[in-house]
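Trainee: Quick one: the structure is below, questions incoming.
Each value in this text was obtained by applying a stated rule to the coordinates, not by laboratory testing. Predicted, not measured: the structure shown is a model, and the values here were computed from it. Counting neighbours? That spans all protein chains shown, and the Cβs are built from the backbone with ideal geometry, glycine included.
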Amino acid sequence: MSKSKPSPLPPGTLIGGYRVMRRVAAGGFGVVYLAAQADGQQVAIKEYLPASLVAREPGQLQPQVSPEKLSLYRLGLKSFFEEGRALAQISHPSVVSVLNFFRENETVYMVTNFLEGASLQDFIVVARNLGQAKVFRESTIRSLFDEVLRGLRIVHQHKMLHLDIKPANIFITDDNKAVLIDFGAAREVLSKEGNFIRPMYTPGFAAPEMYRRDTTMGPWTDIYAIGACMFACMHGYPPSDAPQRVPEDKTLKTLKRLQGVYSDDLVEIVHWCMELDPLMRPQSVFALQKEMNRSGARRYTQLTMADKVKLQFDDVLENTKKTVLKATEMGKKIS
């Protein structure tokens, strides 16, 4: 079996009555194509194609799965199919619309509306490169996540979790609508299997419980990711990975620096969402929405000169430790 990534379907391939036009994205669990219906209407089609479990040579339609991986492949296939069926029941402008899902070529395809625009990640990169104190205005962040939370609340009401919320999976359409895309049900099911070694999470946006197999996930798991996305909109970069926050929480230091730039209210909400203890976070989207929509004047706390000096001192101390550690490691290699 080839060790290279499975080849995508070639342009012109017919599947389920749709004609593949081109590949638009690929990840560890599937490939997304731009395709056309018989009437010419464009759609997006996601093919279940876990790169660590299957192979497919150029020109082939059916994924090749080795016997020892077949049961795991089918487990993810079933979950992906059930995800399509569940999403097809949800109709909300902030959740990607599943138009159809079908089995063919020994795999499953999920057909969604084709969105034109760019991901929130794209907007963050552009905004942070402007070098301004505020990556996004606070009003923009609040408005954006008001839309996202409305959609996520409906998802949770349908007993589903997203499990891979990150700026790359929040799509901003050309008519300025925020849409949640790329749910991770199959990813979560496969992560419970001991012999599946590919990481199931996105570092920086994954809650601590996603790194463990003995903890329960729930709405609070998606809420951690929402907090991490808001953090990225404020700071311009993702927060530290959850396991790295345990010995030294750089995320809290960064939030401290953002005081005065953003309201205390927003900084506190992000901190609340990103608590390492799941029980300390909002337990539902409704609870988070209630706090975000709470009326009243926003509080701003400007950092004192002493605070700024202390933060700078901490940075110098941390960089010194890294330099000493690096020099020590190099010395060991030389000796």
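Trainee: Which of the residues belonging to segment 12-29 are touching a strand residue (DSSP E or B) at 6+ places or on another chain (Cβ under 6 Å) and in contact (Cβ under 8 Å) with a residue 12 or more places away in the chain?
Mentor: Going residue by residue through segment 12-29, those that are touching a strand residue (DSSP E or B) at 6+ places or on another chain (Cβ under 6 Å) are 13, 15-16, 18-25.
Result: 13, 15, 16, 18, 19, 20, 21, 22, 23, 24.
Trainee: I'd like to check something: does segment 125-132 contain any residue that is within 28 Å of residue 210 (Cα to Cα) and touching a residue at least 60 places away in the same chain (Cβ under 8 Å)?
Mentor: Within segment 125-132, the subset within 28 Å of residue 210 (Cα to Cα) is 125.
Of the ones still in play, those that are also touching a residue at least 60 places away in the same chain (Cβ under 8 Å) are none.
No, the conditions are met nowhere in segment 125-132.
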